[in-house]
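Student: Supplied in C-alpha cells, the structure appears directly below.
The values are calculated or read from the model by the stated rules, or taken from the named source; none is laboratory data. This one's a predicted model, so the numbers in the text were calculated from it and none came from an experiment. A quick note on method: Cβ atoms are made from the backbone with ideal geometry, for glycine too, and the neighbour counts reach across all protein chains shown. SASA here: full protein model, heavy atoms, side chains in, ligands and nucleic acids out. Shrake-Rupley method; radii C 1.70, N 1.55, O 1.52, S 1.80 Å.
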Amino acid sequence: MTLDTTFDPASIEARWYKHWEETGGFRPERPDAEPFTIVNPPPNVTGSLHIGHALDNTLQDIVIRYERMRGKDALWVVGTDHAGIATQMVVERQMEQRQDKRTNYSREDFVDKVWDWKRESGGTITTQLRRLGCSMDWSREQFTMDEHFTKAVLKTFVDLYNDGLIYRDKRLVNWDPKLKTAISDLEVETQTIAGGFWHLKYPLEDGVTLSDGRNYIEVATTRPETMLADMAVAVHPNDDRYSSVVGKHVVLPITGRRIPIVADEHADPELGSGAVKVTPGHDFNDFEVGKRAGFAAGDMLNMLDGDANVCQTSDGMVPEEFLGLHRFKRDGKDGAREAVVARLKADGYLIPHIAKTKKGEEVEHDAEPRQIATPFGDRGGVVIEPWLTDQWYVDAEKLAAKPIEQVKDGTIEIVPKTWKKTFFNWMENIQPWCISRQLWWGHRIPAWFDAEGNAYVAEDEAGAQAQAGKGVALRQDQDVLDTWFSSALWPFATLGWPDDTNLVKKHFPNNLLISGFDILFFWDARMMMMGQYNMGTAPWPKLYLHGLVRAADGAKMSKSKGNVVDPLGLIDQYGADALRFFMAAMESQGRDIKMDEKRVEGYRNFATKLWNATRFCQSNGIGASSTLKAPTARLAANQWIIGEVQQVCAEIEQAMTDLRFDAAANAIYQFTWSKFCDWYLELIKPVFAGDPDAMPAVETREVAGWALDQILVMLHPFMPFITEELWHAQGERKYDLIVASWPNPRAEVSKEATDAIDWVIDLTTNVRSAKNELGIAPGAKLAAFLPTASDLASGTIERSSAAIERLARLTPVTLGEAPDGPAMQVTAGSDVFIIPLEGIIDIGEEKARLEKSLAASQKEAKSLEGRLSNANFVERAKPEAVEKAKADFAHHSAEVERLEGALKRLG
RNA sequence: GGGCGCAUAGCUCAGGGGUAGAGCACUGUAUUGACAUUGCAGGGGUCGGAAGUUCAAAUCUUCCUGUGCCCA
C-alpha cells in the first residue's frame, strides 16, 4: 500500500474502529491469560463527551491497550448510568416544550417514556467514546437499570437493611424545592452570595427584663422568614448578659408563640447580640440545638411545603396572610421574607441597621448587608431548604471503617498519594447518606408499608407480604434510590453479581480505577464501601485520580463562561491520536491540565512525522518485521538503534508502572522523533546507496523494519489509529496491532558499536554548530585532519566513513597532521579535528568562537577547582561526586589548554 | 476558620541534594527525492522572597508573599 504525503486522520479512524469492534479486538479470547480489569466510570446516559471524559477515557484506554498488548486477558467494562435526576429532567424539559408535563401521566407511563427516550436519544456518548478510540468491551455494554443490575441493587438494599446498615429516619434533609426531592450532602454546593443580617426584638414575657432593664432580647438572623417557625431563643451558657433569663420565655411577634430561652453553646456571644433564634425545622444547627433543648424531631415545627411556600405550622399560629407565600422573593414577587420583615418593621420589632455614607451621613437600613454562605442544589440550581422528612439512610460511618483501614495499610493505594488526606478527612467525618429521592426515574426502593406505616423490606412484594402477613394491605415506597447507590456496585454488578459468574470470579477485584478527583466521594469511596460490604474485599488495589482539564487561561470550563472546548471538534481538526497524545503528555500526577491547542497541533505534526518516516522506509524496501526479537545486527547503526529500542521500552514500562503518563508519552515521542527519525534514518541512508542485496542493506532493512514495528507497538496505546494503519501498510500481518505483543527486545548490543554512533553524533553536531557560527554553508564539504586519533575514532572512521561524510560532511578525513595555516578545531569525544579554513572563513570569527568556548570552559574549570580545593567537599562528599568533579575538572582544564593553543595558532 | 496544592525559560509544563530540561513561541539558516504539519543551529532562567540544615539547596525544613481548589 502506498501512503499519501500527509496523514489524514479522518480517513482512517472510523474504519479501524469499526474493524476492531467487529473482529473482537477489544476483547480477544484469552481464557488462560492473567486478567486485567478496569471499569469505566459510567457516564450519564444523557451525557455527551466533554473534555474531561476525553482525558479520563484516554488514560484508561492507554492502560488497557498496554496491558492487552502485554498478553493479559484485558477487560474494560463500559456502560452508562441511568442518572436519576438528570435524565428525568431531560425528559421533563422535552415535555415542557410540548406544553406537557410529567404529572399528566401515571408513574408507569412516564417511566415508559423515559425508557423510550433512552432507546432513541440516550447514549450519544457511547458513539463519541468510539471516536476517541476507546477499546472498551461493547459486547457487554452495561446500564445501571439493566435487569441484572436491578437485582444487584435490590439485594444490596435488602442485605444492608437486614444488617441494620440502612434505616429510615426523620431528620432534616437537603431539600431541593425546585426538583422536589431530597438530595445528599455531596449534591449541595455552597456559594457565597450577597444577603442580609436582620436584627429583631423578641419581647420577654411575664415582666422579665435583662440586667440592663431591656424588656426584649435582640436576635439576629439571615433568614427572618423562618421566625414563623421559631421554637426557642438560644444564648451561650456562659454569657452573663443573659444568664438571668435562661428558662424564661419570649413571645414571638406575628405568631404570638411563646417560646423558651435556652442555654446552648451554639450561640456565639461574639456574634451579633449573642442571642440567636432557633428554628429546628429549617436549619441544621438549630435542629441540633432543638434536640438538645428537648424537642423530638416529630414535634419540630414546619412552616414550608415541598415548594418552599409557607404552610401552616402544626400549632396553627401562622397568620393567614403569610400562607402560600414563597420563602423569599421570586420572579420579582415579594415572598415570606419580605412580608415578615415589613410586618416586624411596622410593629416595631425590627432594629434598623445604621450605616454611614461616604459623606458621613447616617442612613437606616432594614438589614446589615452580608456575604452569606448559601447552599444550592447542584442539579436544580436553587437554594436548598433544610426540611424535616422521613428518608432512607445508609449508615456510612460503619461502612467507611474498612475502606479507611485499607487505604491506611496500603491495601488500596491512592495515586497521587496527596489525596489520601482528603479521603481520610471526609471518610472519618462521614455523615449518614440519604439515599431516597422523590423521583420517578430510578431504582424503586424495595420497601412496602402497611396502613400503620410499618415498613417491610424485601426484594419483591411477595417477600414483603410474607413478612407483613396475609391480607395486610401494602403499598410500595414511592421513592427511588440515589443514582450513586447503584453505581457504587459497578465494579461487580457489571460482571454479573450477585450471580456467581465466571466473570466475577476472574475479574473482581478489578486491577485499577481511574477517575477524576471530583468523584472521589460520590463514587470511588462508595465503591470501596459497597465492594467491601458485598464482596468482602476492596474493589481495586489502586485508585488513580486525575485533575480537571481547564481552559487555556486556567479557568474552569463552563457553558456559562462560554470557554468550553469540544473534544470532538479537536478530533475533527487534529485527529483522535493527537488529542489522546496531548492528554497523556500533559497528565502529570496531581496537577490540572490547561488546554493548549498548539500542543495538540504539535502532536498532530508528530503523527505526520511518523507517517513520513514510514513512507521513507517503504521507499527503501523496509517492511514488516518477521520476528518479535531483535534481529542479529553487525552494523554499528543497527546495533545502536536496537539498544535505543531496549532503553525506551524500559523507560515506558517504568513510566506505566508508575502511572506517569507524561513520562511514557515523552519517552516514545523523543525516541521516535529525535532518535529514530533524526539520527537512525539519516545514518542508514548511505547503506541504501549501495548494493541492495549486500549484507549491509539486507541487515539494515531487517533492523529498520523491526525498529519501526517496535515504535508502532509502543506508540499504539497512545495513538492507536495511525499505528494500526501503518502496521498494516508495512506489509502482511498475521494479526492486528491492537492484539500484537509488547516488545521484549533482549538483544546483546556491543558497547563499541553504540559508542561509535554516539561519537559520530557528537562529531556531526559539533561540525554543524561550528559551521553555523562561522557562517559556513551547512552543505559545504570540508577536509579534516586528525593528528592523534583514539581507537574509537580510527575504528569508526574506517567503518562508518559514509555516515561521517553524509552527516558531518567531512571528506576526506586524514589521520595525521594538518598542513600549516589557519584552521578551526572541532571535537568528537576526546578527539580533536583540525579543519583548514584558508579561503573559507574570516579568522576573526573562528577566534571569537573559540573565545566563547574558552570562557565557558574557564568558568566551569574555576568553579570545579574551587570545589575540589575545599577540604570539606573532598572529605565529606560522596566519592562518586568527588570523582565526577575531578573528571569534569580534568576535561575542562584540557579544553582550556586546547582552546588557548588553538587561539595562539590563529595568531 | 480547617485541609490540600501550586509558584522553574516569553507561554504551557517536567525534574529534583552535585550547579537546569521538553514542547510551543522567538532568532539565524537550509529547499530537486520521507517529511516546511520539515531539517540544522542558536538566544533565553540568580528555579516567588527570607532564614535554616548541609562540604554542597532550584531540590530538604521553617516562615513570608502571591495564587488555586476542597471542606465548614
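Student: Suppose the filter is surrounded by fewer than 20 Cβ atoms within 10 Å (Cβ to Cβ) and assigned to a helix (DSSP H, G or I); does residue A:731 pass it?
Tutor: Criteria not met by residue A:731.
Student: Now for a different question. Take segment A:754-781 and flag every residue that is open to solvent by 10 Å² or more (accessible area, probe 1.4 Å) and among the aliphatic types (A, V, I, L, M).
Tutor: A:761, A:776, A:777, A:780
Student: Do you know which residues across segment A:875-902 are surrounded by fewer than 16 Cβ atoms within 10 Å (Cβ to Cβ) and either in contact with a helix residue (DSSP H, G or I) (Cβ under 6 Å, 6 or more places away or on another chain) or under 21 Å from residue A:822 (Cα atoms) (or both)?
Tutor: Hits for segment A:875-902 are A:897, A:900, A:901.
Student: Still on this structure: Report yes if residue A:671 is surrounded by 24 or more Cβ atoms within 10 Å (Cβ to Cβ), assigned to a loop (DSSP other than H, G, I, E, B) and modelled with pLDDT of 95 or more, otherwise no.
Tutor: Considered against the rule, which asks whether it is surrounded by 24 or more Cβ atoms within 10 Å (Cβ to Cβ), assigned to a loop (DSSP other than H, G, I, E, B) and modelled with pLDDT of 95 or more, residue A:671 comes out as no.
Student: Identify, by number, the condition in (1) crowded, with 21+ Cβ neighbours inside 10 Å; (2) away from RNA strand B (no atom under 11 Å from the Cβ) that residue A:708 doesn't meet.
Tutor: (2)
Student: Step by step: first the residues of segment A:560-569, then only those that are within 19 Å of the chain's Cα centre (by Cα) and open to solvent by 60 Å² or more (accessible area, probe 1.4 Å), then the one that is farthest from residue A:126 (Cα to Cα). Which residue is that?
Tutor: A:564
Student: Find the residue count for segment A:772-794, including only residues that are touching a residue at least 12 places away in the same chain (Cβ under 8 Å), near RNA strand B (Cβ under 10 Å from one of its atoms) and small (Gly, Ala, Ser).
Tutor: The qualifying residues number 2.
Student: Which pairs have Cβ atoms under 8 Å, sit 6 or more apart or on different chains, and link a residue in segment A:648-676 that is more than 23 Å from residue A:757 (Cα to Cα) and within 12 Å of RNA strand B (Cβ to nearest atom) to one that is open to solvent by less than 10 Å² (accessible area, probe 1.4 Å) and of a type in the set (Ser, Thr, Tyr)?
Tutor: From segment A:648-676, the pairs are A:659/A:544.
Student: I'm trying to understand the selection: among the residues of segment A:210-235, which are in a strand (DSSP E or B) and either open to solvent by 30 Å² or more (accessible area, probe 1.4 Å) or at pLDDT below 85 (or both)?
Tutor: Listed by number, the residues that qualify are A:216, A:218.
Student: Moving to a separate point now. Tell me, please, whether a residue that is surrounded by 12 or more Cβ atoms within 10 Å (Cβ to Cβ), more than 16 Å from RNA strand B (Cβ to nearest atom) and in a loop (DSSP other than H, G, I, E, B) can be found in segment A:421-436. Even if it seems obvious, please write down each step before you answer.
Tutor: To start, the set of residues in segment A:421-436 that are surrounded by 12 or more Cβ atoms within 10 Å (Cβ to Cβ) comprises A:422-424, A:426-427, A:430-436.
The next check asks that each one be more than 16 Å from RNA strand B (Cβ to nearest atom); those that pass are A:435-436.
Now restrict to residues that are in a loop (DSSP other than H, G, I, E, B): A:435.
Scanning segment A:421-436, I find at least one residue that is surrounded by 12 or more Cβ atoms within 10 Å (Cβ to Cβ), more than 16 Å from RNA strand B (Cβ to nearest atom) and in a loop (DSSP other than H, G, I, E, B), so the answer is yes.
Student: In this structure, does residue A:793 turn out to be open to solvent by 40 Å² or more (accessible area, probe 1.4 Å), within 29 Å of residue A:685 (Cβ to Cβ) and assigned to a helix (DSSP H, G or I)?
Tutor: No, not satisfied.
Student: Just to be sure before I move on: is residue A:372 within 16 Å of RNA strand B (Cβ to nearest atom), modelled with pLDDT of 90 or more and part of a strand (DSSP E or B) in the structure I sent? Even if it seems obvious, please write down each step before you answer.
Tutor: On the way: within 16 Å of RNA strand B (Cβ to nearest atom): yes; modelled with pLDDT of 90 or more: no; part of a strand (DSSP E or B): yes.
Judged against the criteria, residue A:372 is not a match.
Student: Hey, another quick one. Considering only residues of segment A:610-627 that are within 17 Å of residue A:638 (Cα to Cα) and over 39 Å from the mean Cα position of the chain (by Cα), which is most open to solvent (accessible area, probe 1.4 Å)?
Tutor: A:626
Student: Also: When only residues in segment A:822-846 that are more than 56 Å from the chain's Cα centre (by Cα) and open to solvent by 50 Å² or more (accessible area, probe 1.4 Å) count, which is farthest from residue A:786 (Cα to Cα)?
Tutor: Of everything passing the filter in segment A:822-846, A:842 is farthest from residue A:786 (Cα to Cα).
Student: Just checking, does segment A:602-619 include any residue being outside any helix (DSSP H, G or I) and among the hydrophobic types (A, V, I, L, M, F, W, C)?
Tutor: Filtering segment A:602-619 for residues outside any helix (DSSP H, G or I) gives none.
No - not one qualifying residue is present in segment A:602-619.
Student: Sticking with this structure for a sec: Answer yes or no: is there a residue in segment A:459-468 that is open to solvent by less than 10 Å² (accessible area, probe 1.4 Å) and either within 16 Å of residue A:153 (Cβ to Cβ) or in contact with a strand residue (DSSP E or B) (Cβ under 9 Å, 6 or more places away or on another chain) (or both).
Tutor: yes
Student: Further, regarding this structure: Any residue in segment A:245-274 that's touching a residue at least 60 places away in the same chain (Cβ under 8 Å): show its pairings with residues that are hydroxyl-bearing (Ser, Thr, Tyr) at Cβ separation under 9 Å, as long as the two are six or more apart or on different chains.
Tutor: Hits for this filter: A:253/A:202; A:253/A:349; A:254/A:349; A:255/A:313; A:257/A:313; A:272/A:221.
Student: Filter segment A:498-513 down to the residues that are part of a loop (DSSP other than H, G, I, E, B) and touching a helix residue (DSSP H, G or I) at 6+ places or on another chain (Cβ under 9 Å) and list them by number.
Tutor: Scanning segment A:498-513 gives A:498, A:499, A:508, A:509, A:510, A:511.
Student: List, please: which pairs have Cβ atoms under 7 Å, are six or more places apart or on different chains, and start with a residue in segment A:677-688 that is open to solvent by 10 Å² or more (accessible area, probe 1.4 Å) and end with one that is of a type in the set (Ser, Thr, Tyr) and more than 9 Å from RNA strand B (Cβ to nearest atom)?
Tutor: Correct list of pairs: A:687/A:700.
Student: Name every residue in segment A:570-591 that is open to solvent by less than 50 Å² (accessible area, probe 1.4 Å) and either among the small types (Gly, Ala, Ser) or not in a helix (DSSP H, G or I) (or both), in order of residue number.
Tutor: A:575, A:576, A:578, A:584, A:585, A:587, A:588
Student: (1) open to solvent by less than 60 Å² (accessible area, probe 1.4 Å); (2) in contact (Cβ under 8 Å) with a residue 24 or more places away in the chain; (3) in a helix (DSSP H, G or I); (4) within 14 Å of RNA strand B (Cβ to nearest atom): which one isn't true of residue A:806, the others all being true?
Tutor: Unmet for residue A:806, out of (1) open to solvent by less than 60 Å² (accessible area, probe 1.4 Å); (2) in contact (Cβ under 8 Å) with a residue 24 or more places away in the chain; (3) in a helix (DSSP H, G or I); (4) within 14 Å of RNA strand B (Cβ to nearest atom): (1).
Student: If only one of A:33, A:74 is in the same structural domain as residue A:132 (by TED's automatic domain parsing), without any contact (Cβ under 8 Å) to a residue 60 or more places away in the chain and crowded, with 24+ Cβ neighbours inside 10 Å, which one is it?
Tutor: Details: A:33 fails: crowded, with 24+ Cβ neighbours inside 10 Å.
Exactly one residue qualifies, and that residue is A:74.
Student: Collect the residues in segment A:83-93 that are closer than 15 Å to residue A:115 by Cβ and either over 22 Å from the mean Cα position of the chain (by Cα) or free of Cβ contacts under 8 Å to residues at least 40 places away in the same chain (or both), keeping them in residue-number order.
Tutor: A:84, A:87, A:88, A:90, A:91, A:92
Student: Which ones in segment A:143-192 are of a type in the set (A, V, I, L, M) and touching a Phe, Trp or Tyr at 6+ places or on another chain (Cβ under 9 Å)?
Tutor: Selection gives A:145, A:152, A:153, A:160, A:165, A:166, A:172, A:173, A:182, A:183, A:186, A:188.
Student: Going by the conditions given, is residue A:605 within 11 Å of RNA strand B (Cβ to nearest atom), free of Cβ contacts under 8 Å to residues at least 24 places away in the same chain, open to solvent by 20 Å² or more (accessible area, probe 1.4 Å) and out of contact with any strand residue (DSSP E or B) (no Cβ under 7 Å at 6 or more places or on another chain)?
Tutor: So residue A:605 passes the test.
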